[in-house]
Every structure is written in C-alpha cells, then in structure tokens.
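The values are calculated or read from the model by the stated rules, or taken from the named source; none is laboratory data. All values reported here derive from a predicted model rather than from experimental measurement. Reconstructed Cβ throughout: ideal geometry from the backbone, glycine too, with neighbour counts over all protein chains shown.
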DNA sequence: CTATAAAGGTGAACGTGTTCACTTAAAGAA
DNA sequence: TTCTTTAAGTGAACACGTTCACCTTTATAG
C-alpha cells in the first residue's frame, strides 16, 4: 500500500512505472551490448521484473527496441521539422532534416541498423509506430515541395507525392547503404544523398539546351 | 561401397549429394510452409540427414534460404541480361531486367521478402553471394548507361556510377515497398518504378525552357 | 464489508536455431 | 595391407525468444 497514489488508479500507475523501468533497462543494455547480444532475461533481471512481465508490456523483443528508441527518434524528428526555414530551398531543408536523422543514427549505428531493418520488414502489426513517423516525414517533404514550387525551385508539373517518395527512397537507401559500411559517418552519407539529389534535380536525359 | 564412384573421390561426391539433398528439401519446405514456419529439424528429417549435418553445409538457416533460391535467381538474372537489346534505350532495357526480377519475386513474395531483407542487412560474411549479383546488376546498368550516352539518350555529364546507383535504389525500394503490400503484383511494381524513372530522367528543377 | 471480476505479474515449460564432442568412414602414408 | 589423418555426419545439450496456466493485487458490484 503506497500513499503517493491513494486513488483508485494505483494499477494504472504501477503499470506505467513498470513499463518505464523495463524501457530504461532495455535502452541501457541495448546500447551497451547491442540488440542480439542483449537477452530478454537480462532486461528482466536488470529491471527487477519477471520474464513474463516484459511480454505483458511489449509484443516481442523487436517492439522493445522500437519503444526504447522511439522517444529519442520522435524528438529528433520534431526538432528537425522545427528547424525548417521557409526562406531556404526545399532541397536545403530536406538535407537538413536528413542530416539530423543521420546524426541520430550515428549515435549507435548497430542499433539503428536493426531498427531500420525492422521498420522496413516487420510483419503486420507493431510497425504502426514507425509508419506514423514515415507518414509525417513524407508529409513534411510534400509541404517542402509545394513551397519549392511557389518559389520556382521546382517545376509545377512535378507530382509532389511521387517526388516525396523519390526523396525518401534516396534518404533510406543511402542510410542502409552507409549503415552497412564498417563505420557510419553522417557526413559521407549526406554527400551520397546530395549526389543522388543532384540527379533528381537536373535529370539525366539529354535536353535541347545541353547537347554538348 | 558404391560402384558408381569407385575413385578416390567418394567423399567429395557424397558431400555434394548430401548438399543437394538438403537444398532440395529446403526449397520444397520453404515454398510450402514459408521461411519462419519451416524448422531446420523438418529439413533434416525430410532430407534424411542429421540435424548437425545441415550446419556442416550451411552457416545458418539464412544461408540455407539464400542457397535454395540462388540458382533460380542467378538463372533469372542471366536470362534477363541476355535479353538486353542494344537497339533499345537504356531505360527500356533496365525496365525489362527489373520486370524479369519482379516476376521472379512474385512467384513467392513472402520468401522473396525474407531474402531481400537478408541481402540488405545480413551481417558480415555470407552476403557475398548476393553481393556478387548486386555487382553484376550495377555493372550491367553501367554498361546500359554508357550505350545510352552514345545514342544521345542520356547526357554526357551524368556520372554512370551515381546514376546506376540511382536506378538500383529505385528498383530496390520499389521492390521492398511492393513486397510489403498484402499482394505483390509485378505490374504495379513496374508502374511505380517507371514513375520514379520519369523523375530521374526529366529532373524536377525549373529549367529556362519549361517555366510555364 | 464481502464477493466477484479484472488486470498485472510470474516463472516453468516449450520450440527452435545453433554448437560441439564424438563416431564413422574415406583418403593418404608407410 | 595396415596405420594415421582428415573430414563428413550425428544428435544430445544449450541458449534464447515466446507462451501460458497460475498467483496476487487492485478495482468493482452487491
């Protein structure tokens, strides 16, 4: 019997507290040992909770990783979105957002790789969390493109949806490609992304004006 | 004592035969039950081989899948490469190759998804097999682009390496994106790929000539 | 207050991928 | 041939993710 929460909501509070405890331990252990080398039993022991309890709070070990990184990732995204400057080009703003994300992934490339893998391939349900962030991301790019059209950066005939997907493709492939390198450097990832954006912007077909 | 191979190479032959037996069973079971729902024990039983034997032939269950699909995939790739017509544009040839691959993946989308996932994220060693195919793929695209430059389809200033990577990015992201749908249709995947190639070809920036 | 229902918490037990000490048989040396 | 070495083959044992029947505690009904 605890006096801090004398209401009829002790259970709900306990639940949240337990969840937080588990997440804290999970985060620390994942960061320390990596995903595969961290056992659910170790997380249970570290958070002083029964093994089964963890699975009352999280669908599986993957969901645990997603939850452990979710808050930081969401904060990174939100911060990046807020830093969008409307006087800058769509491209500059996009690169800035990508830059922030790459910096975040660089904190722990190994964990990031696992997270990205799960986001891209997870079966059915728990992907919702990451899908939301993807939708946000695509939505923001869409907005940037619209602004870009207004300021003559981008041609009117371009389809925002398709171009947003194009940007996202390059962002994600560059990320995966660089996460597979022995070391992940946000700078080289950005350079690679810029190279692809060059192509997306200028196109590759011969044009009447540039047939030298 | 078998009379068919009386040489001093019985062991080598036995080994190959055992390997083939395992692969045959693995292929059938994977196709029937899917990757996760097929146990290594079931493969061992079906191929009438000890459990440990499988791991003398394959690093792990993932390698088993890669090996099971490798030959078909290699054949698909080779066939697609041979169908390249030099009188067609680089884009048409690329789309044709992608089309063949998408058709192959469509045979068993679930297995394909697992295979692609492993190819993109496998740790360290066994990825070699798939990496080879990737190198081939990139190499062929590179060649197509060079031809494309000769026939004025693609501007000289384009960097083949970067553009080949660009093509590959769209190919792979489209594949993953479509494999995550409830049903995988090569046709809709191709449509999506074409949409992205449109962007890559024409570019999105406003040009002096197209400022309407 | 008591009785009942609901929900959090628990760890033994299970299934499965993977390892390893050992057996067996082929290849090579004497 | 006979002995030695090498490697294929094997399944018991292990580690870990996951499940589930059960317990305990809180919430709710009477």
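The table for this structure:
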{"read-out": "Filter result for residue B:48 (away from DNA strand C (no atom under 16 Å from the Cβ) and not assigned by TED's automatic domain parsing to the domain that holds residue B:140)", "value": "no"}
{"read-out": "Some residue of region B:73-83 being within 12 Å of another protein chain (Cβ to nearest Cβ) and either at negative phi or away from DNA strand D (no atom under 16 Å from the Cβ) (or both)", "value": "no"}
{"read-out": "Residue in region B:42-52 that is in contact with a helix residue (DSSP H, G or I) (Cβ under 6 Å, 6 or more places away or on another chain), more than 16 Å from DNA strand D (Cβ to nearest atom) and away from every other protein chain (no Cβ under 14 Å) present", "value": "no"}
{"read-out": "So residue A:16, is it surrounded by 19 or more Cβ atoms within 10 Å (Cβ to Cβ), without any contact (Cβ under 8 Å) to a residue 60 or more places away in the chain and either more than 14 Å from DNA strand C (Cβ to nearest atom) or not assigned by TED's automatic domain parsing to the domain that holds residue A:144 (or both)", "value": "no"}
{"read-out": "Selection count, region B:180-199, where residues are within 12 Å of another protein chain (Cβ to nearest Cβ) and modelled with pLDDT of 95 or more", "value": "9"}
{"read-out": "Odd one out for residue A:197 among (1) surrounded by fewer than 18 Cβ atoms within 10 Å (Cβ to Cβ); (2) closer than 30 Å to residue B:145 by Cβ", "value": "(1)"}
{"read-out": "Some residue of region B:117-124 being crowded, with 16+ Cβ neighbours inside 10 Å, more than 13 Å from chain A (Cβ to nearest Cβ) and in a helix (DSSP H, G or I)", "value": "no"}
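One line per residue, one yes/no per condition, for (1) in a helix (DSSP H, G or I); (2) in contact (Cβ under 8 Å) with a residue 24 or more places away in the chain; (3) within 26 Å of residue A:154 (Cα to Cα):
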position	(1), (2), (3)
B:138	yes, yes, no
B:167	yes, yes, yes
B:172	yes, yes, yes
B:175	yes, yes, no
B:190	yes, yes, yes
B:199	yes, no, yes
